[in-house]
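Here is the structure we will look at.
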Amino acid sequence: MEFVYISLLIIAVAFAVLVIFLIQTLRSVSATLKETSNTIAKLESQVEGVTKEAEQLMQTSNQLAEDLHHKSETLNSVFYAAQELGDSVETVNHSLKHVSETVKDQSTRQSDQVAQAVQWGNAAIDLYTKWKKKKAEIPSEENHTSS
């Protein structure tokens, strides 16, 4: 019987030791859970802050995208106007080239006609000069023959 009491005592001591270690383990787990809970709470507040910053960043990005789109639309009209201006300048250059070629052709024809007119004028002056010389010679011959 004593053996039973001793066995019961050993079982009771073992159970008490087990309970003590279980209590220490549960306290340690409880402390770890509290720290984890605190860390999670801090993490939640940080996530909220990051979420707010991300939302603000998204709003700013959207505003920048809208502004960029608006400015791009504005610049498109400027580029279209510049292209139309370039087309107009090209048309004017083509017209000026055509007018220049026409003037060149006309001046070439006119210069040929002017050259002919000058030649006819020179011929007329030569004829007039010769006619005047002959006329001047005729009276002097009459003077020589009458004297």
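Bear in mind that the values in this text are calculations on the coordinates, not laboratory data. Only a predicted model underlies this, so the values are computations on that prediction, with no experimental measurement involved.
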Checklist outcome for this item: Cross-link reach from Lys97 to lysines, straight Cα distance under 16 Å and at least 8 residues apart if same chain, gives none
Next on the checklist: Based on Cα coordinates alone, diagonalise the gyration tensor for region 4-54, multiply each eigenvalue by 5, take square roots, and list the semi-axes in whole Å, largest first.
Outcome noted: 48, 5, 4
Checklist entry - If you average 1/r over every pair of different alpha-carbon atoms in region 1-86 and take one over that average, what Kirkwood value in Å do you get? => result 20.1
Checklist entry - Using alpha carbons only, how many degrees (0 to 90, rounded to 10) separate the axis of helix 2-146 from the longest principal axis of the chain? => result 0
Next on the checklist: Suppose we take every Cα in region 1-146 and form the convex hull; what volume per residue is that in Å³?
Outcome noted: 239
Next on the checklist: Suppose only helical runs count, i.e. DSSP H with n ≥ 4. What mean residue ellipticity at 222 nm does that imply for the chain under -39500 (n - 2.57) per run, divided by all residues and rounded to the nearest 500 deg cm²/dmol?
Outcome noted: -38500 deg cm²/dmol
